[in-house]
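To start, the structure under review is shown below, and the notes come after it.
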């Protein structure tokens, strides 16, 4: 029922633009830490996510509703239930976890093929750059074959969710990108 | 004309959102599904499924409504985007619809509902028992207040038990003199021991007496006693006393027999020189203290013993039971309501029927309805 959704949007009566962002990645990639860091919350008491977290962040005159869904293998099948009406995908990678680069690449490519994420811009955070063993973002981009993505905007951003470094750069890209996209419409 | 049309529809929607056709299924859904919603920061995966079900329910209800009233989606949409629909008062009315699209709003609705049911269950328990069972209270201030009350009771109990012991002793002496034959079957020692045992029983019996006077804490204490009874009984020396408490009357009638049975082992351990009043007094005191301690003041959830854990489990089960009962009750109420409305479906539901007439474009009634609507609007806006 297409109609109801549009009705509801009108009912809200707010002029603020809302953006739905889904935050995914393998377990222990740092999704919840990133989410909390975005919301300027304490990042020291984070435990593995069994369900999902939502935070609303105001940025560039928009309301970003960020959904962080647990990344454990047994939860991953639930990811696709959260992809509907998504404006942007953030994919987080533990840059120091080289053993699982292949696994994380597979998960990402499956997401890219999802019908609900067709044409949806993707921002990849190469997280944990504060660790000495972290691979540089360029190397990860190559490993993921990001340059082959033709059907959407994409960006890879090195960051450390713990220190906050690089996070804001990523958010700026998101906001610019979404503003551009909505203008085109 | 289009403006007027939308106001009409808005009013009819508002009417529908207040009608049993909408309220019953929606409340039913909320009450049935809210149990898993807690106020933890993290959301459970199951919330999403429930939210999805809710969306479907609301969609279905609104579809039915539109069909019934005879408006199409476009009219509905126009109405909802009219300035009238966006007034503050109506925003709250529309909240259940908004919750279909706003997970956070839906979640807070569910959490609130769950809380309400919990409180309701607690209230029912309180009404039924006079006070909450020990296992359902954990507030510190409540504890200290109870502690004071119970200390008072205990002091009273000790005093009375001493008095009664004295009295009993003198009476027993008299009795023994009068009916030497009854006690003759028992040896001398057991009899005196039975005195002692009985003395010990007077303490609990006295306690239950005094607690009956003080209505609220009384019931609590009794329930606690029965709850901790098992634990107390295990402690060799003080064994068998708690259940004597409840049968103190009986034991008063047949003191010798009971006493001799009991004196078999525990009392000997308790106080070797049984005749000494002070020692038995302290025994009674010790027991009371123990009961007192076990009754709850040692209870803070930090060091959970097996029995306490059991209590917690009992609490959970109890709460669940209460909630289920509430559910059943509400459902029944709703059913009776439904049957009532079903019996006379045409007359008592003005909103849908009148709007139907509008869609049929009966001008007279339309005007009448408009009048009414204006009035309603005035009232709403004035408020």
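Here B:13, B:24 are screened, and the one residue that is touching a helix residue (DSSP H, G or I) at 6+ places or on another chain (Cβ under 8 Å), in contact (Cβ under 8 Å) with a residue 40 or more places away in the chain and farther than 16 Å from residue B:373 by Cα is B:24. Being at positive phi and either in contact with a helix residue (DSSP H, G or I) (Cβ under 9 Å, 6 or more places away or on another chain) or exposed (fewer than 14 other Cβ atoms within 10 Å of the Cβ) (or both) is a property that residue A:145 has. Scanning for something within 14 Å of chain B (Cβ to nearest Cβ) and without any contact (Cβ under 8 Å) to a residue 24 or more places away in the chain, does the stretch A:58-73 turn up at least one residue? Looking for residues that are within 14 Å of chain B (Cβ to nearest Cβ) and without any contact (Cβ under 8 Å) to a residue 24 or more places away in the chain, one finds none in the stretch A:58-73, hence no.
Scanning the stretch A:148-162 for residues that are out of contact with any helix residue (DSSP H, G or I) (no Cβ under 9 Å at 6 or more places or on another chain) and in a loop (DSSP other than H, G, I, E, B) turns up just one, A:150. Please specify each residue of the stretch B:81-95 satisfying the condition of being buried (at least 18 other Cβ atoms within 10 Å of the Cβ), at pLDDT below 80 and within 35 Å of the chain's Cα centre (by Cα). Selection gives B:90 alone. Within the stretch A:6-47, the set of residues being within 17 Å of residue A:87 (Cβ to Cβ), within 11 Å of chain B (Cβ to nearest Cβ), under 24 Å from the mean Cα position of the chain (by Cα) and modelled with pLDDT under 90 comprises A:9, A:18. Taken over the stretch B:28-67, residues that are in a helix (DSSP H, G or I), more than 11 Å from chain A (Cβ to nearest Cβ), touching a residue at least 60 places away in the same chain (Cβ under 8 Å) and surrounded by 15 or more Cβ atoms within 10 Å (Cβ to Cβ) amount to 8. Residues of the stretch A:90-111 that are free of Cβ contacts under 8 Å to residues at least 40 places away in the same chain and surrounded by 18 or more Cβ atoms within 10 Å (Cβ to Cβ): A:108 alone.
Residue selection: residue B:78 fails the criterion of being modelled with pLDDT under 90 and loosely packed, with under 15 Cβ neighbours inside 10 Å.
Among residues that are within 14 Å of chain B (Cβ to nearest Cβ) and either surrounded by 21 or more Cβ atoms within 10 Å (Cβ to Cβ) or free of Cβ contacts under 8 Å to residues at least 24 places away in the same chain (or both), residue A:81 is included.
In summary, residue A:96 fulfils each of the numbered conditions (1) within 23 Å of residue A:17 (Cβ to Cβ); (2) at pLDDT 95 or above with the single exception of condition (1). Say whether the condition of being farther than 23 Å from residue B:44 by Cα, crowded, with 20+ Cβ neighbours inside 10 Å, in contact (Cβ under 8 Å) with a residue 12 or more places away in the chain and in contact with a strand residue (DSSP E or B) (Cβ under 8 Å, 6 or more places away or on another chain) is met by at least one residue in the stretch A:24-31. No, the stretch A:24-31 contains no residue that is farther than 23 Å from residue B:44 by Cα, crowded, with 20+ Cβ neighbours inside 10 Å, in contact (Cβ under 8 Å) with a residue 12 or more places away in the chain and in contact with a strand residue (DSSP E or B) (Cβ under 8 Å, 6 or more places away or on another chain).
The values are calculated or read from the model by the stated rules, or taken from the named source; none is laboratory data. What you see is a predicted model, and the numbers here were worked out from it, not measured in a lab. Ideal geometry is used to build each Cβ from the backbone, glycine not excepted, and the neighbour counts take in all protein chains shown.
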